[in-house]
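Have a look at the structure below, then the notes.
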Amino acid sequence: MRENVGSWDRSMRAVAGPLLIGWGYRHRHSLAGIAAIAGGAAITETAITRVCPMNTALGINTASGHSDTATQPDLDHVDEMVAAAASLAAAQPLPTID
């Protein structure tokens, strides 16, 4: 596969992936913790290889110098989405597996 993860995108993934892995390890006895470890590992892998299958499926290419007609992702509403996700996370405690 061709590289489709640019430097800014790669930097964000290089931070978010290990953070998810750490959070997941801390909550490793819950389903959410295990999912966070798996998701964090996948995100970190895309930062290392600069190839993201989800970007390919959605037609997104953030790598510089690409010749595709795909464009940069629309980041206009990121703050609103993060705030909504945070409020949902705060409203519902995570289940634990005993």
Quick one: in region 1-30, which of the residues that are within 29 Å of residue 97 (Cα to Cα) and of a type in the set (D, E, K, R) is surrounded by the fewest Cβ atoms within 10 Å (Cβ to Cβ)? 26
Can you name every residue in region 7-30 that is part of a loop (DSSP other than H, G, I, E, B) and either of a type in the set (S, T, N, Q) or touching a Pro at 6+ places or on another chain (Cβ under 9 Å) (or both)? 30
So, in region 31-80, of the ones that are surrounded by 11 or more Cβ atoms within 10 Å (Cβ to Cβ), out of contact with any Gly (no Cβ under 9 Å at 6 or more places or on another chain) and in a loop (DSSP other than H, G, I, E, B), which residue ends up modelled with the lowest pLDDT? 73
What's the number of the condition residue 4 fails, among (1) modelled with pLDDT of 90 or more; (2) in a helix (DSSP H, G or I)? (2)
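The values are calculated or read from the model by the stated rules, or taken from the named source; none is laboratory data. The shown structure was predicted, so the numbers you read here are calculated from the model rather than taken from an experiment. Neighbour counts run over all protein chains shown; Cβ positions are idealised from the backbone, glycine included.
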